[in-house]
Amino acid sequence: MKNLFASICLLLALPVVGQEVERQAATTEPQKHEKSAMTAEEREAARKAWFEQFESRFEKASYLHEGLEVPYRTLHLAPEKSGKEALVIFLHSSKGRGVDNRGQLRGSVQTVVKNLEKIGEKVLLVAPQCRPDRRWNENYATLGDKMPIVLKGLIDQLLADHPEVDPARIYLVGDSSGGAGVLYALDAYPKLFAGAIAAASYPHKSNSAAAIAKTPVALSYSDFDPEKQALTRDLAKKIDRKGGEVRYTPLKGYDNEGTRFSPELLEWMFSFRR
């Protein structure tokens with residue numbers, strides 16, 4: 001099966017906070033040769049200023065699902081290009097949970113934005129925020145609908161609000177517990193997404209390889225936990241046996257955002273449509 005276990009070359013890890021987004025007005029962080037002369041307070045101030053500029057690029061919004069408010073941010077990338085936009089939903093890790101509509105913009109989404117800009121895809125990026133008492137990868141419904149159902153409602157609302165989005169090009173990308181949330185969403189809605197990336201995450205025993213195989217998906221997990229890495233590798237094998245398109249990347253250590261969200265991997269995801 002083509003693309004089975006395709007290896008992705010390990011890139012240099014990209015810094016999460018204080019990295020330079022490749023747009024002229026996207027950062028105020030001092031250049032590397034200036035850092036050695038900065039105090040800890042100055043470095044912290046520079047990081048804060050950089051994040052505030054990054055945050056200012058996103059518009060605030062919220063979605064109400066049967067009493068559950070879901071804050072989210074939107075960012076249009078390459079809006080000058082002709083044609084419709086692809087819709088990319090990014091699910092943050094557990095550290096991004098909250099109600100401030102800010103926490104989800106810290107961490108891996110910064111690498112995703114940088115690499116989306118690098119490949120130049122016309123995209124509406126949406127970053128919802130999960131409440132502290134919920135998780136993207138929950139498999140219970142004690143607080144109302146399971147999160148995949150909530151996400152489906154959000155996507156329906158986004159399609160209604162943004163007619164410029166191509167409904168055949170909806171993609172789901174998640175990191176850590178957000179990546180596990182991707183697998184739950186592919187389980188629940190096997191014909192909704194054109195492609196997905198479940199990064200640095202491992203499957204739950206309830207996940208169905210047969211359902212997930214209906215969506216092209218990239219899986220990855222690190223060798224710091226060989227048992228969970230093996231679970232991820234085994235899921236990739238099962239998806240392949242079901243005839244699905246799958247890419248599996250065995251990660252090394254912790255600093256691997258550049259690998260699990262590489263431009264090459266994003267381009268692979270965008271090559272699929274419904």
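Under a point spin-label approximation (7 Å from Cα along Cα-to-Cβ), what is the A78-R273 distance to one decimal in nm?
1.3 nm
Find how many whole Å separate the alpha carbon centroid of region 40-66 from the alpha carbon centroid of region 110-166.
Comparing the Cα centres of region 110-166 and region 40-66, I get a distance of 18 Å.
Can you tell me how much longer the chain between S94 and K118 gets when fully stretched, taken as 0.36 nm per residue apart minus their C-alpha distance, in nm with one decimal?
Contour length minus Cα-Cα distance gives 6.0 nm.
Per residue, how large is the accessible surface of the chain? Use a 1.4 angstrom probe and give square angstrom.
46 Å²
Looking only at the chain, where both bridge partners belong to it, what percent of the DSSP beta bridges are antiparallel (to the nearest 5)?
Taking every DSSP beta bridge with both residues in the chain, the antiparallel ones total about 35 percent.
7 Å from Cα along Cα→Cβ at both I149 and D161: what's the point-to-point distance in nm?
If labels sit at I149 and D161, their model points lie 2.2 nm apart.
Which pairs break 21 Å Cα to Cα here: K146/K205; K81/K114; K60/K191; K205/K238?
K60/K191
Stretched out fully, how many nm does the piece from F224 to E264 gain, at 0.36 nm a residue minus the Cα gap?
Length difference between fully extended and current span is 12.0 nm.
Given the whole protein assembly as supplied and a 1.4 Å probe, what does the accessible area of S56 come to in Å², nearest 10?
90 Å²
How much of the accessible area of the chain, probe 1.4 Å, is carbon plus sulfur, in whole percent?
51 percent
Using modelled amide H (1.01 Å from N, peptide plane; none on Pro or chain starts), what sits under 5 Å from the amide H of E245, excluding residues fewer than 5 places away?
Under 5 Å from the amide H of E245: V217.
Report the full-extension gain for the segment R241 to S206: residue separation times 0.36 nm, less the Cα-Cα distance, to one decimal in nm.
Difference between extended and current length: 10.8 nm.
What are the aspartates and glutamates whose alpha-carbon lies under 15 Å from the alpha-carbon of K48, with same-chain residues fewer than 8 places away excluded?
Cα-Cα hits under 15 Å: E20, E29.
Could you run the Karplus curve 6.51 cos²θ - 1.76 cosθ + 1.60 with θ = phi - 60° over region 152-159 and give me ³J(HN,Hα) per residue in whole Hz, x for Gly and Pro?
With coefficients 6.51, -1.76 and 1.60, one gets 4, x, 4, 4, 4, 5, 4, 5 Hz.
Under 5 Å between amide hydrogens, which residues at least 5 positions from Y221 or on another chain qualify, with H placed 1.01 Å from N in the peptide plane?
The answer is A200, T249, L251.
Only helical DSSP H runs with n ≥ 4 go in: add -39500 (n - 2.57) per run for the chain, normalise by residue count and round the 222 nm mean residue ellipticity to 500 deg cm²/dmol.
Estimated from H runs of four or more residues: -10000 deg cm²/dmol.
In percent, how large is the relative contact order of the chain, given Cα pairs closer than 8 Å and 6 or more residues apart?
Rounded, it is 22 percent for the chain.
The values are calculated or read from the model by the stated rules, or taken from the named source; none is laboratory data. Since we're looking at a predicted model, the values are computed, not measured. We place every Cβ from the backbone using ideal geometry, glycine too, and count neighbours over all the protein chains shown. For the accessible areas, the whole protein counts, side chains as well, though only heavy atoms, and no ligand, DNA or RNA atoms are used. Shrake-Rupley method; radii C 1.70, N 1.55, O 1.52, S 1.80 Å.
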